[in-house]
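K.L.:
Sharing a structure with you now.
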Amino acid sequence: MKIFAAAALMLLAYGPSALAQISATTDPAKLALARQVVEASGGQKQVQAMLANAFATVDRAIPQAPEGDAASIRREVSAGVREEVIAVVPELLEISAHAYADQLTLDQLRDWLAWEESPSGRAIAAKRADIQNEALVAILPLMRERLGAALHASLQRVCAQRHCTEEQRKAMEAAMSRAFPTSPS
């Protein structure tokens, strides 16, 4: 669900008022159908599986702290973040349903629901989390490499413009290298 990411951003930006802000203009008939589409395409179970896969993939990509207090704290913080994100899934799905209802016609929603309820649609919905996880596993190293290189290049450019001290540049470079162990280009 591409709209899921937009819904997550709305919740982060506006908090609990995000849903109230979009609810006022949504056609109730279209919203009911959109909710069926969301459920037929996997609903909460599907999103939770996708999030679990995403968290696991990100955890594998982040350099692990050596065992001890730092590793223990990292695991507890990570678990807390997971709980908080999972807790907003129902709201994210509702925001997604509103977005579908606002952007699609009744006929489009009916057609989408028919597809989701077809044998092929159900089979794809059942595999969606695994498909997205496979893509994420392949994409994450590329994004990490590119983001790391972009951060290093940007740091060099900004430091040249702002005349960073060598100490400032080295401190920022070290922090970036820990987060993104890509050699500067």
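We did not get these values from a lab; they are worked out from the coordinates using the rules stated. Source: prediction; values computed, not measured. Quick reminder, even Gly has a Cβ in these numbers, built from the backbone with ideal geometry, and neighbours come from all protein chains shown.
K.L.:
What does the extension gain come out to for ALA87 and GLU39, with contour length at 0.36 nm per residue minus their alpha carbon separation? Display every interim value, and only then the final one.
P.N.:
On the way: separation 48, 0.36 × 48 = 17.28 nm, distance 1.72 nm.
Full extension from ALA87 to GLU39 adds 15.6 nm.
K.L.:
Let me ask something else about it. Would you calculate the convex hull of the Cα atoms in region 129-185 and tell me its volume per residue in Å³? Kindly include the intermediate steps, with their values, before the conclusion.
P.N.:
On the way: hull volume 4.4 nm³, N = 57.
Cα convex hull per residue, to the nearest whole number: 76 Å³.
K.L.:
Grab the beta carbon distance between ALA29 and HIS163, set R0 = 41 Å, and tell me the FRET efficiency rounded to 0.05. The partial results should precede the final answer.
P.N.:
Working: r = 62 Å, r/R0 = 1.50.
Plugging the Cβ-Cβ distance into 1/(1 + (r/R0)^6) gives 0.10.
K.L.:
Between ARG110 and ALA171, what is the spin-label point distance in nm, taking each point 7 Å from the Cα along the Cα→C-beta axis?
P.N.:
6.5 nm
K.L.:
In whole Hz and in residue order, list the ³J(HN,Hα) couplings for region 34-45 that follow from phi through the Karplus curve 6.51 cos²θ - 1.76 cosθ + 1.60, θ = phi - 60°; x for Gly and Pro.
P.N.:
For region 34-45, the Karplus curve yields 4, 5, 5, 4, 4, 5, 5, 8, x, x, 4, 4 Hz.
K.L.:
Could I ask something else about it? For the pair GLN103 and ALA71, what calculated FRET efficiency results from E = 1/(1 + (r/R0)^6), where r is the Cβ-Cβ distance and R0 = 45 Å, to the nearest 0.05?
P.N.:
That gives a FRET efficiency of 0.50.
K.L.:
Once the other residues with Cβ under 13 Å from the Cβ of GLU94 are scored (Lys, Arg +1; Asp, Glu -1), what is the net sum? Don't jump to the answer; show the numbers that get you there.
P.N.:
Numbers: positive: ARG35; negative: GLU39, GLU91, ASP102.
Neighbourhood net charge equals -2.
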